[in-house]
Amino acid sequence: MEAKRGRQNILWGVLLIYFGLVGLAELYFTRSEWTWAGILALAGLFPLLLFLIDRSQVIMLLPTYIFWAVAGLIALSVAGVLRDAWVALYVFAAIALPFILVYARDPSQWWALIPAYVMIVVGTMVALTDAGIMGDAFVATYVLTAIALPFILVFLRDREQWWALIPAYV
């Protein structure tokens, strides 16, 4: 246990030094958005390396994911793939993905679907309204339908769960 903690501390120390050097270099050099995407992608390799050394350190995949998700956001925005309203959908989907993976890894962890669903629904709503695809007058209908849908699915999955039709209807 102590060896694991020591490796984690070393990793975080190296990562802090890395970002310190990046900050120091920022004083003297101007970086493009592509450079920042690369810096963040490289930073994600540090915790990934710790996970690869000790597979029991699954939590180390979280900082890797965060660094890579932000690097992806920067890269896709600079490349013009993500514009305006679709940035919100990317961000909300990036938040939802770890929850979906928790459920995919262990279906008994069904609770993880709740925040994932909420993030995807909200991100989709923001993207559709900002893009002008869904008018403001339809937002209430969208939200109420999004709330009802999981309850309908509970009933359709198991017809003995008739109680789910009550909140779906309301």
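Rule-based calculations on the coordinates, nothing more; no lab input. Only a predicted model underlies this, so the values are computations on that prediction, with no experimental measurement involved. With ideal geometry, Cβ positions are generated from the backbone for all residues, glycine too; neighbour counts draw on all protein chains shown.
So if R0 is 41 Å, what FRET efficiency would Asn9 and Ser108 give, r being the distance between their Cβ atoms, rounded to the nearest 0.05? Once the sixth-power term is evaluated, E becomes 0.80.
Note on Ala25 and Leu165: their simple-model spin labels are 6.4 nm apart, each label 7 Å out from Cα toward Cβ.
Using Cβ point charges alone (K and R +1, D and E -1), the dipole size of the chain about the Cα centre works out to roughly 420 debye. The mean sequence separation of alpha-carbon pairs under 8 Å and at least six residues apart, normalised by the residue count of the range 97-170, gives a relative contact order of 18 percent. In terms of its C-alpha gyration tensor, the range 1-51 comes out oblate, because a/c is 1.5 or above while a/b does not outweigh b/c.
Calculate how steeply helix 139-157 sits against the longest principal axis of the alpha-carbon atoms of the chain, using the helix alpha-carbon long axis, and give the answer as 0 to 90 degrees to the nearest 10. Helix 139-157 sits roughly 80 degrees off the main axis of the chain. Given their separation in residues at 0.36 nm each and the Cα-Cα distance between them, Ile152 and Glu33 gain 38.4 nm when the chain is fully extended. Hey, what angle do you get for helix 61-78 against the long axis of the chain, alpha-carbon based, 0 to 90 degrees rounded to 10? Approximately 90 degrees, to the nearest 10. The relative contact order of the chain comes to 14 percent, based on Cα pairs under 8 Å that sit 6 or more residues apart.
If you take the Cα centroid of the range 13-39 and the Cα centroid of the range 52-76, the two points sit 18 Å apart.
When the trypsin sites (Lys or Arg not before Pro) in the range 1-68 are filtered for DSSP coil states and for at most 14 other beta-carbon atoms within 10 Å of their beta-carbon, the remaining sites are Arg31, Arg55.
Rounded to the nearest 10 degrees, the angle from helix 33-53 to the longest Cα principal axis of the chain is 90 degrees. For the chain, the fraction of C-alpha pairs farther apart than 27 angstrom is 47 percent. Note on the range 48-115: Cα Rg divided by 2.2 N^0.38 Å, N the number of residues, gives 1.31.
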